[in-house]
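Inspection log for the structure reproduced underneath, given as structure tokens.
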Amino acid sequence: MQINEHIAARLCGVLDWPADRAGAVAAMLAAPPDPALGDVAFPCFGLAKERRQAPPLIAKDLAAKIGSDDVIARAVAAGPYLNFFLDRGRVTPGVLSAALGDPAGFGRRGFGAGRTAVVDFSSPNIAKPFHFGHLRSTNIGAGIARLLEFQGYRVVRRNYIGDWGTQFGFVIHAWRRWGDEAELEARAIDYLVELYIRAYRESEQDAGVRDDARNLFLRLEQGDPEIRALWSRFRELSLGGFRDTYRRLGIEFDSYAGESAVNDAVGPVIDRFMKAGVAVESEGALVVPVADVIGREIAPCMLRKSDGASTYAARDCAEALARYEAFGFDANIYVVSRQEDHFAQVFAALGKLGQAEGWADPWPGRCENVSFGFVRGMSTRKGEAVWLDAVLNEARDQARRQRLEKSAANVRAFPELSPGELDAVSEAVGLAAVLYFDVSARRMTDVTFDWKTVLQFEGNTGPYLQYSHARMCGIFRKALDAGLAPSAAPDNVARLGNAEEWALVLKLLGFAPTLERATREREPFEVARYLNELSAVFNAFYNAHQVIDPADAALSRARLALVGATRGVLATGLGLLGLTALETM
Ligand code: ARG
């Protein structure tokens, strides 16, 4: 049931507007500040100019024309707003039976059917640490991929590993000077990172180091077997560590083919740019000027450096071309922060190539860079380098301590768990705390991590959502003991209607529009915010009313339907954010 769409369509009808304006109208609908004013509000300010009428008059006029139907009970003017009261008796059973009938599909609008989206996310650099910034890409990217998939997109998850480039020159330079087999065996990626940092620091004093590193990378590009063997060994060692982290996060990729895999394609692609007359020589380098098409001052897209080495941008051009060949995508999304210029250059260079070669499909216009802000305050207790795994371990350990303390303080509310259960709960809660934190603000917002708040069972946290879910599961366990099952049959549901119940029904109605917005805006935060509000509305209901009243089976069954629908929505939302919906905590 798409309430806002229904209202928007009715509004277009009485406004004599074409149906294709309904989307814009639906986007203007909001909840009134006070539920007593109505369920949905339409502000009339925007119409004043077009209709040459004062907004309050427009509201009155529309209210008289709308009347009632099987969704709208009545529409009333309140100043410049037109407020709608929904027909609770018809809306409630519709929502509850839809949510209970298809818990996993409720909220889906399916606009991705028949479409393909490539999502490039995580994409860490090998031999540089996987830190919290990469977690944001991993987490936000995985969230976007799940949202797209939920809407029916075929999603291709690409981990475009940074396994190529001068940084390998530094690592190999360091290895040849200071490398220690035993250390490499024992500490793998940690050791490679140390080597990289050591060589890089030295290059700041000694230009010879930089030159040697550059030269080593050139030899790698040319396929020198000795260098290539070293590189391949370092790559495998690093990848192993990344894979463990992804497994822990429950994230899978369709491919780990990184920058190195595109290497062979780069030369021919650069030739295409030259043949098309799009690339020009500049101080020995080969570049595509893009400021003209981007419309601001921006460096050209560099395809080849003056020393002959290919660039990150050239590789991304070749990679995007290959992606289009392979998938003919409807969207090609790069979840990467602080590379806005890089992607603007790459997309513009590809656009120019397309124009020069006369492509029928201007697909570079469907490439997007989804960026995000900084994370501050992220360090482990010991204040050591910010390795993601260390942070996840710390979160797990703190969750465990907290759970033990809760049992000690109130064993009735928090019964002691078996060691196995305690392990599973601590890991799930720790992950939820860290992963939710990452999407608890709009992605472009800089966020500050704080151990004390992220693990709370209240507030804007992942554990709060898990706790709400576990509480709903607890209600169902009790219902089972009392022999009661949910029922969304109109006769039962007619018993619902108090303020808290209706607030929850309205919130459930907001799930589908929220998921649509989250998907279109590539903003998993929208889901997080919604679930947080849903939990608050649910807890207000739960604190005000008894769900199970053995003396009133009909009411109990209707309330169970409401709780069941809410639990299903919460579970779906948690899944979309990559959090485990725990049944007990
Ligand atoms: N490896 C890069 C980094 O960590 C990110 C790669 C993003 N993806 C891409 N196709 N350029 O900075």
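The rows are residues; the columns are (1) within 14 Å of L350 (Cβ to Cβ); (2) surrounded by 13 or more Cβ atoms within 10 Å (Cβ to Cβ); (3) within 16 Å of the ligand (Cβ to nearest atom); (4) at pLDDT below 95.
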{"position": "I270", "(1), (2), (3), (4)": "yes, yes, no, no"}
{"position": "A276", "(1), (2), (3), (4)": "yes, yes, no, no"}
{"position": "L286", "(1), (2), (3), (4)": "no, yes, no, no"}
{"position": "A291", "(1), (2), (3), (4)": "no, yes, no, no"}
{"position": "I298", "(1), (2), (3), (4)": "no, yes, no, no"}
{"position": "K305", "(1), (2), (3), (4)": "no, yes, no, yes"}
{"position": "G308", "(1), (2), (3), (4)": "no, no, no, yes"}
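Conditions tested, residue by residue: (1) within 16 Å of the ligand (Cβ to nearest atom); (2) within 30 Å of L576 (Cα to Cα).
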{"site": "R157", "(1), (2)": "yes, yes"}
{"site": "G179", "(1), (2)": "no, no"}
{"site": "A188", "(1), (2)": "no, no"}
{"site": "A199", "(1), (2)": "no, no"}
{"site": "R235", "(1), (2)": "yes, no"}
{"site": "R243", "(1), (2)": "no, yes"}
{"site": "R248", "(1), (2)": "no, yes"}
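A479 satisfies every condition listed in (1) more than 17 Å from P524 (Cβ to Cβ); (2) surrounded by fewer than 17 Cβ atoms within 10 Å (Cβ to Cβ) except (2).
S255 meets the conditions (1) within 16 Å of the ligand (Cβ to nearest atom); (2) crowded, with 16+ Cβ neighbours inside 10 Å in every case but one. The failed one is (2). Restricting the stretch 249-268 to residues that are in contact (Cβ under 8 Å) with a residue 12 or more places away in the chain and acidic (D, E), the residue that is nearest to W231 (Cα to Cα) is E259. Can you tell me which of N215, N263 is out of contact with any strand residue (DSSP E or B) (no Cβ under 6 Å at 6 or more places or on another chain), of a type outside the set (D, E) and either closer than 28 Å to A145 by Cβ or within 16 Å of the ligand (Cβ to nearest atom) (or both)? None of the other options fit; the residue is N263.
Remark: pairs (first residue in the stretch 408-427, within 18 Å of Q456 (Cβ to Cβ); second residue part of a loop (DSSP other than H, G, I, E, B); Cβ separation under 7 Å; 6+ apart in sequence or on different chains) = V425/L417; V425/L582; V425/M585.
Collect the residues in the stretch 1-42 that are of a type in the set (S, T, N, Q) and part of a helix (DSSP H, G or I), keeping them in residue-number order. Hit for the stretch 1-42 is N4, nothing else. Filtering the stretch 150-187 down to residues that are among the aliphatic types (A, V, I, L, M) and under 28 Å from V375 (Cα atoms), which residue is surrounded by the fewest Cβ atoms within 10 Å (Cβ to Cβ)? For the stretch 150-187, the residue satisfying everything is V156.
One line per residue, one yes/no per condition, for (1) among the aliphatic types (A, V, I, L, M); (2) touching a Pro at 6+ places or on another chain (Cβ under 9 Å); (3) within 16 Å of the ligand (Cβ to nearest atom):
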residue: R74; (1), (2), (3): no, no, no
residue: P80; (1), (2), (3): no, yes, no
residue: V91; (1), (2), (3): yes, no, no
residue: S123; (1), (2), (3): no, no, yes
residue: K128; (1), (2), (3): no, no, yes
residue: H131; (1), (2), (3): no, yes, yes
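Among the residues making up the stretch 310-332, a single one is of a type in the set (A, V, I, L, M), more than 30 Å from D211 (Cα to Cα) and near the ligand (Cβ under 10 Å from one of its atoms): A320.
Within the stretch 339-353, being within 22 Å of G373 (Cβ to Cβ) and either at pLDDT below 95 or surrounded by fewer than 22 Cβ atoms within 10 Å (Cβ to Cβ) (or both) holds for Q339, E340, D341, H342, F343, A344. From the list L135, L147, the lone residue that is aliphatic (A, V, I, L, M), away from the ligand (no atom under 16 Å from the Cβ), crowded, with 21+ Cβ neighbours inside 10 Å and more than 30 Å from Q222 (Cβ to Cβ) is L147. So which residues in the stretch 443-469 are polar (S, T, N, Q), surrounded by 15 or more Cβ atoms within 10 Å (Cβ to Cβ) and part of a loop (DSSP other than H, G, I, E, B), if there are any at all? Those that are polar (S, T, N, Q), surrounded by 15 or more Cβ atoms within 10 Å (Cβ to Cβ) and part of a loop (DSSP other than H, G, I, E, B): Q456, N460, T461.
The values are calculated or read from the model by the stated rules, or taken from the named source; none is laboratory data. This one's a predicted model, so the numbers in the text were calculated from it and none came from an experiment. For neighbour counting, all protein chains shown are included, and Cβ atoms are generated from backbone atoms with ideal geometry for every residue, glycine included.
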